[in-house]
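Undergrad: I'd like to ask you about the structure that follows.
The values are calculated or read from the model by the stated rules, or taken from the named source; none is laboratory data. In this text the structure is predicted, and so the values were computed from the model without any measurement. Note that we place each Cβ from the backbone using ideal geometry, even for glycine, and neighbour counts take in every protein chain shown.
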Amino acid sequence: MKGHPRELPDLPSTWSAFGHELAGLRAAKRLTQRQVALASGGQISKSSLQRYEQGEPLPWEKAAVLDSIYACRGWATAGVAHLAAASWKWRPGTADTFFVHRWPAEVSGWVWIGVLPEPRAADQPHTLSLRWGPWSRQVREPVPAAGLALCTGKDVDGDGRAAPCHVTSSRKVSVLFGVHKPPPELRSIDVRDGWT
């Protein structure tokens, strides 16, 4: 990896391991916590970074900031999604029929959209409409109670600006966006083909 003296670590299984690896990425770049805080433009404080490195869960939007500072090709974002997916459950307050997400511009490879149905709508067909930049794709599938992952590919956004991905569902769902491999509990569908 350009400007990075070590390979990226595997995705962590605990927030503590994630924090340890974050500290390792920072050390590999020879940055202090104060320098990272300054480079973040006020989005991450030195004390917050210290807590994240000690195992406090890192919010998704802060992960994208660290991905950029550490030039770690979306590893922090992938780690947050991986850890969030491990404890992802249906929450009525998060259910909706419309969602918008931007994967960090530097992320490339597999990305996925996890969909959890309302408990009463498990195994019922859902129409999921995706609009990502100029592209559109529609999927009509039964969504199992354990969830469904729509998997596709993403290239690095050359201009540094990530296009938003809009997800519309015919029924209320909870949605989780991730990178790399989706959780094995979710039934995965490859949706790389069929975009118009």
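Undergrad: So how many residues does segment 21-39 have that are under 19 Å from residue 79 (Cα atoms) and assigned to a loop (DSSP other than H, G, I, E, B)?
TA: 1
Undergrad: Please go through segment 90-115 and give me each residue that is without any contact (Cβ under 8 Å) to a residue 60 or more places away in the chain and closer than 27 Å to residue 145 by Cβ, ordered by number.
TA: Passing the criteria: 92, 93.
Undergrad: On to the next question. Right, residue 168: over 12 Å from residue 98 (Cα atoms) and either surrounded by fewer than 17 Cβ atoms within 10 Å (Cβ to Cβ) or touching a residue at least 40 places away in the same chain (Cβ under 8 Å) (or both) or not?
TA: It is false that residue 168 is over 12 Å from residue 98 (Cα atoms) and either surrounded by fewer than 17 Cβ atoms within 10 Å (Cβ to Cβ) or touching a residue at least 40 places away in the same chain (Cβ under 8 Å) (or both).
Undergrad: Within segment 142-157, take every residue that is loosely packed, with under 15 Cβ neighbours inside 10 Å and farther than 18 Å from residue 179 by Cβ and give me the one that is farthest from the chain's Cα centre (by Cα).
TA: Applying the filter and picking the extreme gives 142.
Undergrad: Test residue 149 against the criterion of being assigned to a loop (DSSP other than H, G, I, E, B) and either in contact with a Ser or Thr (Cβ under 6 Å, 6 or more places away or on another chain) or among the aliphatic types (A, V, I, L, M) (or both), and give yes or no.
TA: no
Undergrad: Within segment 64-76, can one find any residue that is among the hydrophobic types (A, V, I, L, M, F, W, C), outside any loop (DSSP other than H, G, I, E, B), out of contact with any Cys (no Cβ under 8 Å at 6 or more places or on another chain) and within 16 Å of residue 10 (Cα to Cα)?
TA: yes
Undergrad: Moving to a separate point now. Give me the residue from segment 170-185 that is modelled with pLDDT of 90 or more and of a type outside the set (Ser, Thr, Tyr) and, out of that set, farthest from the chain's Cα centre (by Cα).
TA: Going through the qualifying residues, I end up with 171.
Undergrad: Exactly one of these conditions fails for residue 55: (1) surrounded by fewer than 17 Cβ atoms within 10 Å (Cβ to Cβ); (2) part of a helix (DSSP H, G or I). Give me its number.
TA: (2) is the only condition that residue 55 fails.
Undergrad: Being hydrophobic (A, V, I, L, M, F, W, C), outside the structural domain of residue 183 (by TED's automatic domain parsing), at negative phi and in contact with an Asp or Glu (Cβ under 8 Å, 6 or more places away or on another chain) is true for just one of 76, 105. Which residue is that?
TA: Within the list 76, 105, the selection yields 76.
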